[in-house]
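What follows is a short report on a single structure.
Values quoted throughout were computed directly from the atomic coordinates according to the rules given, and no laboratory measurement underlies them. Worth saying up front: this structure is predicted, and the values here are computed from it rather than measured.
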């Protein structure tokens, strides 16, 4: 199997690492994590216990992906981004005793196919970032992000639509949007964007 794991990385023996994946220096992959094929886990990144990661994902340097996060295929997590897992974080219980793993219920972040989370952004669980959506660098996501949305700010709000190439879409009239890079067309209905199928466009021609 063609897997590259740097000597300084800490990969639990129960983690499953897909063919063609690279785990770089000082990264940690915890027990039960499932990493797909062709992924890149950057220097100092953290992948929590049981995290599910699809094929061809990139988790950049010092990003923190806490369990039970789910990353679908083609997801990008930028440098020092954080996917949290505790809605009401505390170090201690009301009686002053140190909290253990049994004293709270972990909740996860879900990143759908092709989604991107920019550098130093924070996704506060439980939230879902939609297919091919983009979270701008430094943003704080506190609610679900629609497919193809570009969100920015604290808290993050939608400011544009983006296509699969990650480039902001241009208006094409009558609720249509077009990617200036690929030419793909998208339809907007009641605040929801969907990509126009190739066969539909051929029928319109």
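The helix-only estimate of mean residue ellipticity at 222 nm for the chain, built from DSSP H runs of length n ≥ 4 each weighted as -39500 (n - 2.57), is -1000 deg cm²/dmol after division by the residue total.
Relative contact order of the chain, please, whole-number percent, based on alpha carbon pairs below 8 angstrom and at least 6 residues apart. Write down the numbers at each step before the final one.
Values: 607 pairs, mean separation 19.9, N = 205.
This gives 10 percent for the chain.
For the chain, DSSP calls about 30 percent of its internal beta bridges antiparallel. Given the alternatives (1) 64, 47, 23; (2) 78, 47, 32; (3) 50, 38, 28, Cα extents along the principal axes in Å as computed for this entry is given by (1).
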